[in-house]
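Since the structure comes first, as C-alpha cells, the remarks are kept for the end.
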Amino acid sequence: MTDQASATDPAPGRRPELVPDPDVEAARIAAVRRYDILDTPPDGAFDRVAAMAARLFDVPVATVTIVDIDRIWFKAAHGLAGVKEIGRDPGLCGSAILRDDALVLPDTLRDPVAADNPLVTGEMGVRFYAAAPITTSDGYRLGTVNILDTKPRFITEDDIATLADLAAIVMDEMELRLSALRALRNEQERREAESRHAEMEGARAEAERAAREQAEKDKAAIAAFASTLQRTLLPPALPVVPGLELACHYHTASVHDVGGDFYDVFPVDGGRWAFFLGDVCGKGPEAATVTALARHTLRAAAQIDPDPVTVLNTLNTALLTDVTAGSRFCTALFGLLAPQQDGGFTITIATGGHPPVYHVRPDDSGAVWVKAIRPKGGMLVGAFPQAPFAQTTFSLAPGESLFLYTDGLTEARTARGAMLGEDGLTGFLHQRTRPVTATSLVEDTVALLTSLPDGAGDDVALLALSVTGPETAPDTGIAATVRTTAAPEHFGQE
C-alpha cells in the first residue's frame, strides 16, 4: 500500500509535520470499521497488554488506543482512570499512526509538535512518550500501544522491539475477535434461515430431523471453533535455526475442548534462541486464557532478559496477579540455546514442575545413550508467590538430540493397563533403532502412541531438537530443517 502520510511545510522554528494522505486515511478508517472495535466494553486480553506494558517498562501509564476520524479512543488504559477518549491532536498518538516504526519522545517538551499536545500541556503533564503502531496484515495502522511517564527518560532498541511485540499481540487478539464475530454472525444468519424454513414446513417429523441435523452441525461448529482457537495458541510453524533440526507434534484428547499444552521456539539476542514447553491445568476456555497469557508472557519476558529462571519468575508473577487466570497454574520448561564453535550448542534449562527432558545420543557401540535431565527443586508455576525454579547447563554436540514432552505421553496406558511412565519412556528411547534425529524421535513416539490400545487419554505435545552433523546436514547446504509431524492432530482435528 502507499505511504500513509506526507510532510507539510513547517512554520519557522518547527519540524515538518506528517499529514495523512486523504485516500489512504479513508482506507485506514475503513479498516478500523472492519474490526468493529470502537466503543466496545473493556476486554481482559487488551487490559492485560496495557498492564504488562506498564510492568515491563515501569511507567505509570500504558494504553491501547484506536485512532478514529477525529478522536483517539482507549480500548485499554492502565493508570489513566476515567478517560475514554481524547481529541486527535498531533504530537502523540495522532502522529504515531503516521509512521511505519515506533515513535519515541524522550522529552516531549523538546519536541516542537508534541509540546503543544493537551496531554503534555494539561494536568497530566506527559514528559515521555513511546508508541508502536498496531498494524493489520494489509498494512493499515489502526492505533498504537503506548507507554507514558511524567518525567523524561530513555529506552533501548530492545525495549522498542518489546513494545512492537506487544502491538503485534494486540493485532493477533483483534484478528481472533474478528474471526469469532464473523462466525457468530454467520451462525445467527444460518439459524434464522433454518428457522424460517422450519416454520414453512410445519411438520413435526421435519422439525425433529432438522433438530438432529442442527445438533450434528453444532457439534462440528464447536469442534471447528476449538480447532481455530487452538491454532492461535500454537506457533503456525517452527523456525529455521542454523545448525538444528526441529520437529513437533500436537494432539488433543478431544476435538471439542481446547487443550492446555503449549510450546514455541524463537530468537532472542546475540544469535541465541529460546524454547519452551508447558502444560496448563485443565481444559476449555479458561485453560486457553491461561495458555495465551503464559505463551505471550514467556516470549515478552525473554526479550527483556532471557535467563531461564528469570523468565519463569516473570511467568509465575503474571499467573498470580492476573485475575483472569483464576487459580490456574501450569508446569513449564524454558531453555536457552547458545551456539558453540564446534557446531554444538550450550543449553541452559529451567523447570517449573515439568517432567524431565531427555538427552539422547548414539554411543560408540551403536546403542542409544539416554539421560533424563531433571534440575532439582523446580516448583509449579503460578501456585506460590515465592516458588523457586531450578536450572542446569549442559552441551548438545553434533549428532545429539533433546526430547521434550507433556505428561499426556507418560500417562498413556499400555496393553496391560499400566501407565507408560518415565521408565517406560526411557526404555522406549533406549530400544529405538532409527537415527537419533528430531524428526525420527517425534515420528517414532507418535507411532508408539498410535500402537497403544486407547492411544493418548490426555493432550500430548512433543518437541525435539537435534544438532545436525556433516552426515545429517541437508543437501541444500541449509544448516537447519523444520518438520511438523501429524498435521491434523497438531490442530486438534480428527
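The values are calculated or read from the model by the stated rules, or taken from the named source; none is laboratory data. For clarity, every value in this text was computed on a predicted model and none was experimentally measured. Using ideal geometry, Cβ is built from the backbone for each residue, glycine included, and neighbour counts are taken over all protein chains shown.
Could you list, in sequence order, all residues of the range 358-386 that are more than 17 Å from Arg432 (Cα to Cα), aliphatic (A, V, I, L, M) and either more than 25 Å from the chain's Cα centre (by Cα) or surrounded by 20 or more Cβ atoms within 10 Å (Cβ to Cβ) (or both)?
Within the range 358-386, Ile373, Val381 qualify.
Taking the conditions exactly as written (modelled with pLDDT of 90 or more and either assigned to a helix (DSSP H, G or I) or surrounded by fewer than 20 Cβ atoms within 10 Å (Cβ to Cβ) (or both)), does Thr317 satisfy them or not?
Considered against the rule, which asks whether it is modelled with pLDDT of 90 or more and either assigned to a helix (DSSP H, G or I) or surrounded by fewer than 20 Cβ atoms within 10 Å (Cβ to Cβ) (or both), Thr317 comes out as yes.
Consider Gly352 carefully, then state whether it is buried (at least 16 other Cβ atoms within 10 Å of the Cβ), over 16 Å from Pro308 (Cα atoms) and modelled with pLDDT of 90 or more.
Taking the combined requirement at face value, the residue does not satisfy it.
For Thr65, which of the numbered conditions (1) outside any strand (DSSP E or B); (2) at pLDDT 90 or above; (3) hydroxyl-bearing (Ser, Thr, Tyr) fails to hold?
Result: Thr65 passes all but (1).
Between Glu400, Glu443, which is of a type in the set (D, E, K, R), buried (at least 18 other Cβ atoms within 10 Å of the Cβ), at pLDDT 90 or above and under 27 Å from the mean Cα position of the chain (by Cα)?
Glu443
Matching residues to (1) at negative phi; (2) outside any loop (DSSP other than H, G, I, E, B); (3) assigned by TED's automatic domain parsing to the domain that holds Val49:
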| site | (1), (2), (3) |
| --- | --- |
| Asp100 | yes, no, yes |
| Val120 | yes, yes, yes |
| Gly125 | no, no, yes |
| Asp138 | yes, no, yes |
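Being out of contact with any strand residue (DSSP E or B) (no Cβ under 8 Å at 6 or more places or on another chain), modelled with pLDDT of 80 or more and within 24 Å of Pro267 (Cβ to Cβ) is true for just one of Glu175, Glu245. Which residue is that?
Glu175
Restricting to the range 305-314, give me the number of residues that are outside any loop (DSSP other than H, G, I, E, B) and either acidic (Asp, Glu) or touching a Gly at 6+ places or on another chain (Cβ under 6 Å) (or both).
Residues flagged as outside any loop (DSSP other than H, G, I, E, B) and either acidic (Asp, Glu) or touching a Gly at 6+ places or on another chain (Cβ under 6 Å) (or both) within the range 305-314 amount to 1.
Considering only the range 374-394, state which residues are assigned to a loop (DSSP other than H, G, I, E, B) and touching a Lys or Arg at 6+ places or on another chain (Cβ under 8 Å).
Scanning the range 374-394 gives a single hit, Gly382.
Can you tell me which of Thr476, Thr426, Thr481 is at pLDDT 90 or above and either hydroxyl-bearing (Ser, Thr, Tyr) or in contact with an Asp or Glu (Cβ under 8 Å, 6 or more places away or on another chain) (or both)?
Checking each option against the conditions leaves just Thr426.
Report yes if Leu234 is under 30 Å from Ser440 (Cβ atoms) and at pLDDT 90 or above, otherwise no.
When the stated conditions are applied, Leu234 does not pass them.
In the range 141-172, what count of residues is obtained for those that are in contact with an Asp or Glu (Cβ under 8 Å, 6 or more places away or on another chain) and acidic (Asp, Glu)?
Residues that pass the stated criteria total 1.
Among the residues that make up the range 364-376, is at least one of them assigned by TED's automatic domain parsing to the domain that holds Phe275, closer than 30 Å to Asp322 by Cα, β-branched (Val, Ile, Thr) and touching a strand residue (DSSP E or B) at 6+ places or on another chain (Cβ under 6 Å)?
no
Counting only residues that are of a type in the set (Val, Ile, Thr), within 29 Å of Arg34 (Cα to Cα) and at pLDDT 90 or above, which one in the range 70-116 is nearest to the chain's Cα centre (by Cα)?
Per the stated criteria, the residue is Val104.
Any idea how many residues of the range 362-419 are closer than 23 Å to Phe345 by Cα and among the charged types (D, E, K, R)?
The qualifying residues number 6.
Consider Ser395 carefully, then state whether it is over 22 Å from Val309 (Cβ atoms), in contact with a strand residue (DSSP E or B) (Cβ under 8 Å, 6 or more places away or on another chain) and among the small types (Gly, Ala, Ser).
no
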